[in-house]
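Notes for the one structure printed next.
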Amino acid sequence: MSRLLCVLLTLLFSLSGPAMGANSGFADSSLAAKGPVVNGETMAQVEQAAAKIPGSKILNDIPDFRSMGNADQVTSSMMQYNRKWILEQMRSGRQIIDIGADANRATPSIFYQMEQNMLKNYQKLHPEFSGAVTP
Amino acid sequence: MNGQDFLRIANEAFVPFLKGLGFVMDELSISGRFYRVSFTSSAHAVSVSYEPGDDALFVMVFSRKNGEISDIDDRTKTPRLADLNSRYMATVTSEERTENEAAFESVVVNDKEERLLLKVAKELRLVLPKYLGS
């Protein structure tokens with residue numbers, strides 16, 4: 001029970017705004033002047049969409065965790081990294097462009113689902129956050 | 001399969017036959033969520049990508065015009081391997097299949113993801129020439 005409480009508190013703090021994250025370096029308002037963040041379900045689509053938007057940023061710097069553990073550890077490390085990344089982007093003030101799900105995909109991406117939940121929850125806690133826009 | 005394994009199989013299984021079709025390997029991107037290699041010819045580009053966390057593999061054939069590649073969501077101009085398979089696989093002869101298997105004999109695979117990558121290389125080798133010649 002206490003573990004669950006701890007996890008919930010961690011999530012609440014991690015989704016909290018600049019006041020709590022002031023020292024994190026994520027809340028640099030100068031980033032707002034930079035290009036948008038592009039996210040979506042299938043990375044090849046994200047890459048092509050971002051190539052058309054000068055200065056845009058995509059998640060392309062996750063370490064290759066495949067070399068660092070078993071399947072569960074790899075997924076967990078990737079999820080943790082991805083979650084932290086999308087949170088940084090929401091706090092950065094950059095516009096977030098969500099190109100959406102890939103209708104042709106056989107199985108939904110668990111990473112994209114997580115990003116969608118993070119965006120939704122962040123917006124609930126920070127009504128001033130405009131959320132992701134669709135192209 | 002990690003990024004290096006992906007690159008090895010791209011070199012051993014894809015490069016030889018794509019080179020024979022006029023493609024050159026021109027881009028490689030390896031990050032934790034996305035391994036991608038692409039091959040370009042004067043009129044087409046082939047993209048092979050794998051998303052390790054989701055265990056999802058994509059093979060797409062783009063058209064190129066004036067240096068621009070076709071829209072990834074336009075499946076008439078950017079067919080995926082599944083589209084090419086459904087269009088052309090029925091026309092593949094048993095001789096072509098036998099010859100195709102022999103072409104990949106030397107490629108070593110070590111796990112199910114690598115086996116899947118090899119399988120799509122074999123399929124692409126069978127159907128891509130028919131698509132390019134159509």
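Only the coordinates and a few stated rules stand behind these numbers; no lab work does. What you see is a predicted model, and the numbers here were worked out from it, not measured in a lab. Backbone-built Cβ (ideal geometry, glycine too); neighbour counts: all protein chains shown.
Quick notes on this structure:
- For the protein assembly as shown, the extents of the C-alpha atoms along the principal axes are 68, 44, 27 Å, listed from largest to smallest.
- Counted residue by residue at 0.36 nm each, then reduced by the alpha carbon distance between them, the extension gain from B:Glu99 to B:Leu132 reaches 9.9 nm.
- Share of Cα-Cα pairs in chain B lying beyond 27 Å, as whole percent: 14 percent
- Helical segments meeting 27 Å axial Cα length and Kyte-Doolittle -0.5 threshold in chain B (DSSP H): B:112-132
- Within straight-line reach of A:Lys124, meaning a Cα separation under 19 Å, sit the following lysines at least 8 residues removed in sequence or on another chain: A:Lys84.
- Note on chain B: lysine pairs with Cα distance below 24 Å, sequence gap of 8 or more or different chains, count 13.
- Treating each Cα of the stretch B:84-125 as one equal point scatterer and applying the Debye formula with no solvent, the log10 of I(q)/I(0) at q = 0.18, 0.24, 0.27 Å⁻¹ comes out as -0.55, -0.87, -0.99.
- Vicinal HN-Hα couplings computed from phi for the stretch B:23-37 (Karplus, 6.51 cos²θ - 1.76 cosθ + 1.60; Hz; Gly/Pro x): 9, 10, 6, 10, 9, 9, 9, 10, 9, x, 9, 7, 10, 9, 10
- Relative contact order computed over chain B (Cα-Cα under 8 Å; 6+ residues apart), in percent: 21 percent
- Selection of GluC sites (Glu not before Pro), the stretch A:39-135, meeting DSSP coil and at most 14 other Cβ within 10 Å: A:Glu128
- Calculated diffusion of the stretch A:46-85, Stokes-Einstein form, Kirkwood radius summed over Cα pairs, 4 °C and 1.567 mPa s, µm²/s: 112 µm²/s
- Nitroxide proxy distance, nm - points 7 Å out along Cα→Cβ at A:Asn121 and B:Thr91: 5.2 nm
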